[in-house]
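Read-outs throughout are calculated quantities, based only on the coordinates presented, and are distinct from any laboratory measurement. Worth saying up front: this structure is predicted, and the values here are computed from it rather than measured. FYI the Cβ positions are ideal-geometry reconstructions off the backbone, even for glycines, and counts take in every protein chain you see.
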Amino acid sequence: MPAVVAVYGSSSSVPGDSWFEAGVRCGRLLAESGYVVATGGYAGLMEAVSRGAAEAGGTVIGVTAPAAFPDRPGANAWVHEEIRAATMSERIRTITEMSSACIALDGSIGTLTELLVAWNTAFVAALSGVPTSPVVAVGDRWARLVRLVTEALETDPSTVTLVDDVDAAVAEIRRRVPPA
């Protein structure tokens, strides 16, 4: 079975903005590399990544949380398999556990939460001597936040790879996680 890569990102990005187009590219590059893509399944960057992967012939899993988002109609049109989680915490846990790696694109508090859970999971694995799943954060926003968290909490930033764009993010995943 192909490796699953989770991609986190803003629900408010729209077609035509630079992050949306980067999301489409990210999904396409992952699918072309042979990965299954998992997202939160809704709109914005989740839809962009899903679209890019689906248009490239890849498989897309959307992990939604209908009780947390009762105003959302369900998974976006590009999702092949929707997994419905009961809560936001379960949604994040499900995506984290099913994935061999993750990429954080632009986002807000929800994306930050997903990034922090992935970072903590990798951090604990490293402390235990277990191989870590790659955690890749794209853009200056995450670079500033990772530096801030690292300094404020006196923690090790080495389990988060900071990159400038989605091409570098996918290259890092390809370097560290075989697609199958």
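Under a plain spin-label model, where a point goes 7 Å from the Cα along Cα-to-Cβ, how far apart in nm are R144 and A180?
4.3
How high is the relative contact order of region 4-176? Use alpha-carbon pairs under 8 Å, at least six apart in sequence, and give a whole percent.
Across region 4-176, relative contact order equals 21 percent.
Quick one: if you stick a label point 7 Å off each Cα along the C-beta vector at T87 and R72, how many nm between them?
Going by the 7 Å Cα→Cβ label model, 1.8 nm.
What number, in nm² with one decimal, is the all-direction average of the projected area of the convex hull of the alpha-carbon atoms of the chain?
Over every viewing direction, the Cα hull of the chain projects on average to 9.5 nm².
With contacts defined as alpha carbon pairs under 8 Å and 6 or more residues apart, what's the relative contact order of region 85-180 in percent?
27
Rounded to the nearest 500 deg cm²/dmol, what is the calculated helix-only ellipticity per residue at 222 nm for the chain, with -39500 (n - 2.57) per DSSP H run of length n ≥ 4?
-14500 deg cm²/dmol, from helical runs alone.
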